[in-house]
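Data first, discussion second: the structure below is written as C-alpha cells.
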Amino acid sequence: MEMVNAGWLSILPPIIAIGLALITKEVLSSLMLGIVSGAVIYVCVGGFGPLTIFDAVFGTMVEKMGENASVLLFLALLGALVAVVTMAGGSKAYGDWAASKIKNKAGAQLATSILGIFIFIDDYFNCLTVGTVMRPVTDKYKVSRAKLAYIIDSTAAPVCIIAPISSWAATIASTMQSSGIQDGMGTLVATIPYNLYALLTIAMVVLVSLKKLDFGPMARFERQAELGLESREVDPADAKDDFDGMEISEKGTVLDLLIPIGGLIVATILAMLYTGGLFTGGASNIVEAFGNTDAFMSLVYGGFVAIIIAFLTFVPRKVLGFRQFMGGLTVGFKSMIAADTILVLAWTISGMCRELLNTEGFVAGVVQNNQFALTFLPAIIFLIAAGMSFALGTSWGTFMMLIPIVIAIFGGETGGLMIPTLAATLAGSVFGDHCSPISDSTIMSSTGAGVRHIDHVSTQIPYALLVAGCSFVGYLMCVFTTNVFVILGVALALFLVCIFLLHNVSAKHMAEAQQEIK
C-alpha cells in the first residue's frame, strides 16, 4: 500500500491508543481503536475508498506478523520451556534454594537486578529469562509483581544500549557508519558516559533494590504485596498465571531449572555467532559476528535447543513422563497467546504510523525545518526522541531515523556537541520505549513478571519520568559545558535529591491514608 503524508494527524493513532489504555486500564480494545483510527486517517487523507480501511488494518497486521514471526515463535518456545520447567519442579526447587541463600527482600531485588544486568546480549532475551528465573524468589520475599516487572524492564533496554557487545550496539554502530561516521563502534562507546537516562536508570534500580525508596503507585503495590493483598487476577498480560494449578513434580531439583535455562543462554549466544557468520566464514571475529547476527532467529534456535535439553533432562530420569512433558509444551504455547496478541496489535499500530501515515517523515521534517541553537540541541533531541519512541513504541525505529539527521546537522564531525547529541538521541529513544504501553519490551516485561500490563505501565512511568527529568536537566548543561563529569554529576545529584523527596512525600501520604482508615 502507498504511503500518504498525514502531517500531525499521523501521531493521533498512538496517542489515542495510549490515552485510552491509561484511562480504561484495558489494553487490547485501546490498541484496536488506535489501529482503526489510523486506518480511517489513512483513507481520509489519501482519498481512498472506505473498504481500504480493511486493507490498511489487516494488510498491515499480516505483514507485521510475517516480519516478526521469529519473535512470536520464540515466545511460544519460551512459554513451553517455562511450563515444563515449572512442572518438573525446577522453579520451586530454585525458589526454595534461593530463599535459603537470599535472606531478605532487598537481597531478592538486588539479585534480580544483577541477573538483568548480566544478561545484556538482547532485551527480549533479558525480559523473559529474568522473570522466569527470579519470580519464585521475589514472590517468596513479597516483592510485588509490578516491582519485579520494573526491575526487569529497567535492566533490559537501558543496559543493552550501553553494552558494546549486544544486538543493540551492532545496530547502532552500523547505523552510524552508514550515516557517515567512520568508526561507528568507537563513537557508540564514546556516547556511553553521556547516556544519562540509561546510567541513571541502572542507578535507580540498584538504589530502590537496596533501600525502600518507592513512591507513587509502586509504593501502594509494594504495600499490598507485603500484606498479601496484591491482586493476581488473570489478565491478558498475566500469561504465566496459566501455570497455577499445574501438578508439580516432587522430584525436581535446582539443576532442573539451571540446566535448561543455562542451555538456553549458551545455545542463544552460539546461535547469534552462527547467524552472524562466525562458523560459516561470513565474519572474521566475534565482534563482527555480533554485528551481523539475526538476534530473533538466534533466540528461536536457542529456545528449541533448550526444550530438547529439558526433554533429555526430565524424561529419562522420570521427573516427567513423556505425555506430561508434551502436555506441558501445549500449556506453555497457550500461555503466550495473550502476550502475542498484544504484540501483534502493537506492531500493527507502529507499522501503520511508520509505513502508511509517514510519522517518521513528519517528525524528521519538524527537526530539520527548525533551526534550534546547537547548544540546546542535546536537550531538544532528547525530548523529540522520547516523544517519538513513546508514541511508536520502538526505540530502534526512533534512533535509526534520528541518528542520520543528527550526524547530518554536524556534518559527520565527532567533536564538540556531536557525541552528547547522539547520546541524547539514544537516551530519549530508550526512555520513550521504556514507558510506552505499546513497546515490545514493556509488554514482555509484564509477561515475564506475571503482572497485569497496565499495572506495570502505571507504576513504571513515574520512575521513568523522574530519571528522564534529571537527564533533561543534564543535557541542558551542554549549553555551558560538554564536560561529561559536570553533566553526569549534575544529573546524578538532582536525581538523588528528587528520589528522596518523592519517597518522603509518598510515605507521608501513605501514613495519613492508613491513619484515616484506622
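The C-alpha atoms of the chain define a longest principal axis, and helix 145-154 lies at about 50 degrees to it. Out of LEU51, SER91, LEU77, whose Cα points farthest toward the positive end of the dipole of the stretch 1-149 (charges: +1 Lys, Arg; -1 Asp, Glu; placed on Cβ)? Ranked along the dipole, the leading option is SER91.
Against the chain, whose longest principal axis is taken from its Cα atoms, helix 295-314 shows a tilt of about 10°.
Would you mind telling me the share, in percent, of accessible area of the chain contributed by carbon and sulfur at probe 1.4 angstrom?
On the way: 13540 of 20070 Å².
Result for the chain: 67 percent of the exposed heavy-atom area is carbon or sulfur.
Lys/Arg Cβ at +1, Asp/Glu Cβ at -1, dipole of the chain taken about the Cα centre: which of PHE382, GLY393, ILE151 is farthest positive-ward? It is ILE151. About its Cα centre, the dipole of the chain is roughly 1420 debye, where the only charges are +1 on Lys and Arg Cβ and -1 on Asp and Glu Cβ.
Think of the chain as having a plus end and a minus end, set by charges on the Cβ of Lys, Arg, Asp and Glu; of SER471, PHE325, TYR194, PHE325 sits farthest toward the positive end of this dipole.
Sites listed here are chymotrypsin sites (Phe, Trp or Tyr not before Pro) in the stretch 473-503 whose DSSP assignment is loop and whose Cβ has at most 12 other Cβ atoms within 10 Å: PHE480.
Separation of the stretch 430-473 and the stretch 274-318 by C-alpha centroid, Å? After rounding, the separation between the Cα centres reads 29 Å. Helix 69-87 versus the longest principal axis of the chain: what angle, 0 to 90°, nearest 10, using Cα atoms? Long axis of 69-87 versus the principal axis of the chain: about 30 degrees. What translational diffusion coefficient, in µm²/s and rounded to a whole number, does the Stokes-Einstein relation yield for the chain at 10 °C and a viscosity of 1.306 mPa s, taking the hydrodynamic radius as the Kirkwood radius over Cα pairs? Estimated diffusion coefficient is 67 µm²/s.
So which GluC sites (Glu not before Pro) in the stretch 7-77 are both in a DSSP loop and have at most 14 other Cβ atoms within 10 Å of their Cβ? Sites meeting the loop and neighbour criteria: GLU26. Rolling a 1.4 Å probe over the protein heavy atoms gives the chain an accessible area of 39 Å² per residue. In the chain, helical runs assigned H by DSSP with n ≥ 4 each contribute -39500 (n - 2.57); averaged across all residues and rounded to the nearest 500, the mean residue ellipticity at 222 nm is -23500 deg cm²/dmol.
The values are calculated or read from the model by the stated rules, or taken from the named source; none is laboratory data. Note that the coordinates shown come from a computational prediction; the quantities given were computed from them, not determined experimentally. Glycine gets a Cβ as well: all are built from the backbone with ideal geometry, and neighbour counts include every protein chain shown. Each accessible area value is taken on the protein alone, full model and side chains, heavy atoms only, with ligands, DNA and RNA left out. Shrake-Rupley method; radii C 1.70, N 1.55, O 1.52, S 1.80 Å.
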